[in-house]
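K.L.:
Can you read through this structure? Questions will come right after.
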Amino acid sequence: MLENSAHSFEQIQEFNNDNLRKNTLGLSLGLDVNVSKIVVGARGGWDITNNHGNGTSSTPRYKNVWAQATIGIRLL
């Protein structure tokens, strides 16, 4: 239970009533390429399904999609 004056009773009640089993299943893929001491990488991910608290799943109304690119120097 939260005991902070910044939180109202309604916020605490909403936190207590939240269905924590709701989550989203996603997929992510990535690739790293080493060229001499330089490392270049790319990653991407997206939502596949919504898992509901009652044990059912469905295709989400919207799908989160993300991409990431990295460049680095290999030390060893």
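The values are calculated or read from the model by the stated rules, or taken from the named source; none is laboratory data. This structure is a prediction, so every number in the text was calculated from the model and none was measured. Glycine gets a Cβ as well: all are built from the backbone with ideal geometry, and neighbour counts include every protein chain shown.
K.L.:
Just to be sure, is residue 32 modelled with pLDDT under 65 and over 16 Å from the mean Cα position of the chain (by Cα)?
P.N.:
no
K.L.:
For a quick check of your reading of the model, give me the residue pairs whose first member lies in segment 46-61 and is in a loop (DSSP other than H, G, I, E, B), whose second is at pLDDT below 70, with beta-carbon atoms closer than 7 Å and at least 6 apart or on different chains.
P.N.:
52/22; 53/19; 53/21; 53/22
K.L.:
Just checking, does segment 9-18 include any residue being surrounded by 11 or more Cβ atoms within 10 Å (Cβ to Cβ), among the hydrophobic types (A, V, I, L, M, F, W, C) and either touching a His at 6+ places or on another chain (Cβ under 7 Å) or modelled with pLDDT of 70 or more (or both)?
P.N.:
Taking every residue of segment 9-18 in turn, none turns out to be surrounded by 11 or more Cβ atoms within 10 Å (Cβ to Cβ), among the hydrophobic types (A, V, I, L, M, F, W, C) and either touching a His at 6+ places or on another chain (Cβ under 7 Å) or modelled with pLDDT of 70 or more (or both).
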